[in-house]
Amino acid sequence: MFKVAIVGYPNVGKSSLINRLTGGREAVVHERAGVTRDRKELDCEWNGRRFKLIDTGGMDFEDEDPLAGSIRAQAQAGLAEAEVAVLVVDARAGVRPGDEELADLLRRSPLPAIVAANKIDGGAELPLAAEFHRLGLGEPLAVSAAQGLGSGDLLDRIVALLPAGEDEVEDDTVRLAVIGRPNVGKSSLVNRFLGEERVIVSEVAGTTRDAIDMPLLVSERRMTLIDTAGIRRQSKVADSVEYYTVLRSQRAAERADVALVVCDAEDGVTAQDLRIAELAMKAGCATAIVLNKWDLQGTGDENDPEPERLDLEHERRRVAEKLRLRPRVLTVSAKTGRHVARLLEEALMLGDRMAGRIPTPELNRFLSEATQARQPPVGSRRGADGHRLKLIYMTQIGERPPRFAIQVNSRGRVTRDYAYFIENRLRARYSLEGIPLIIDFVERGQRSGARAA
């Protein structure tokens, strides 16, 4: 899909303008300068053309801070990927040295460029745009991210500059969210997946402030990697910027098929890690727990009969006890690359199991074996008549996540304990660890969906 890079000096309103153009609120907006750091791609559509807008951090060439240098590198990488560039300037502030440096960069680039003079919120301010002719990038467009003034004209000009051709559709892409606490190595792991420094990595916790979508090809399969901001405990969220970045991390899990919950191997799986895993599971993600920084745990070899293996098995038992979906606990080292390829293959398998179907005859064999292994209960709850529960027939009625219907003689005889027994046995039989399952117990003559385990 064609891409349009949105660049500019810090705090000129790039993210606000992108939210206006896309009709959403995915880009983090705050009055504080420098909130956007990594480059983030957002889908946009106008007059039947689909393309991606690349939100970039503010580029200040005089700022010598290492983080500012990383932000500039990310913005320049966004320009290298794009077919069109939009230079956003603050019309009220007038032409500043930073604007001129960026304009010079774009004049030397082969990209067609548009100057968007932002913060023109009324007709009386329209003449302010004229000053930006001096940047040498053609007629500046007066726009207002806050009021929407000129946004249609800007989209018209973007579409006119896009190359001709069909827009690529990515319906079969597996969406993989990388989530976890701050500073556990999520961005380092994403960079390992991609084989490049795609997102900024720093020892400072909270460097990533947005959910960043990146395409990846694994074994001829398309994936979209979603790197997210660290999710702190609610009591630890310090300010409004952090609140909204955490909220976007949660929304990223909601639109993902698979979530990798990254933990620090030095800490083990903490209570906050378990809460984050619960968040992913409630969002409907297939989930795996990933112990990163495993290179710091002795040999890091899962087949080595040393104390490290015993610790790993302890973590696995604890996760199985605490989390209903019983996700797998895997080890990886973003620093050395150990087990990185295997982790991506595991994510693909989880995505396939989310979308897979189990034949009805196979499910009914499973149901027969399960009832032989453990007799269904005799109903004693309200509405039951003291007779034994009978599980008559089972079939799969949906996927993403898998959904099953079991016909029973009476829903009132289904106990929570026995429903969990069926769910856990189904999960173990078909390798559905970490996969959210829905089981409807349907009384004869009733529609499915009346009751779920």
Check your understanding: What dipole magnitude, in Debye to the nearest 20, does region 315-363 give about its Cα centre under +1 on Lys/Arg Cβ and -1 on Asp/Glu Cβ?
Key -> 320 debye
Revision key, fill the gap. Mean accessible area per residue over region 109-148 (1.4 angstrom probe, all protein chains present, square angstrom) is 44 Å²
Check your understanding: Want the number for Arg108 to Ala355: 0.36 nm per residue separation, take away the alpha-carbon distance, what's left?
Key -> 84.2 nm
Check your understanding: Which links in Lys14/Lys335; Lys293/Lys322; Lys3/Lys282 stretch past 26 Å when you go from one Cα to the other?
Key -> Lys14/Lys335; Lys3/Lys282
Exercise for review: Using R₀ = 60 Å, calculate the FRET efficiency as 1/(1 + (r/R₀)^6) where r is the Cβ-Cβ separation of Asn47 and Ala341; round to 0.05.
Suggested key: 0.90
Revision key, fill the gap. Here the gain from full extension of Arg429 to Asn409, 0.36 nm per residue of separation minus their alpha-carbon distance, amounts to 4.8 nm
Point to revise | Rh (Kirkwood; distinct C-alpha pairs) - region 395-445, Å | key: 11.5 Å
Check your understanding: Distance in nm between label sites at Ala419 and Gln76, each 7 Å beyond Cα in the beta-carbon direction?
Key -> 5.8 nm
Point to revise | Integer Hz, Karplus 6.51/-1.76/1.60 couplings in order for region 269-278, x for Gly and Pro | key: 7, 7, 4, 5, 4, 5, 5, 5, 4, 4
Study note, to complete from the structure: For Ala320 and Leu126, extending 7 Å from Cα along the Cα-Cβ vector and measuring point to point gives, in nm, a value of 7.1 nm
Revision key, fill the gap. Here the residues of region 328-358 lying in the modelled label zone of Ile397, meaning backbone nitrogen under 20 Å from a point 7 Å along Cα-to-Cβ, are 354-358
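The values are calculated or read from the model by the stated rules, or taken from the named source; none is laboratory data. Predicted model, so just to flag it, every value in this text is computed and none were measured. In this analysis, Cβ positions are derived from the backbone assuming ideal geometry, glycine residues included, and neighbour counts consider all displayed protein chains. Areas reflect the complete protein model, heavy atoms only, side chains present, ligands, DNA and RNA absent. Shrake-Rupley method; radii C 1.70, N 1.55, O 1.52, S 1.80 Å.
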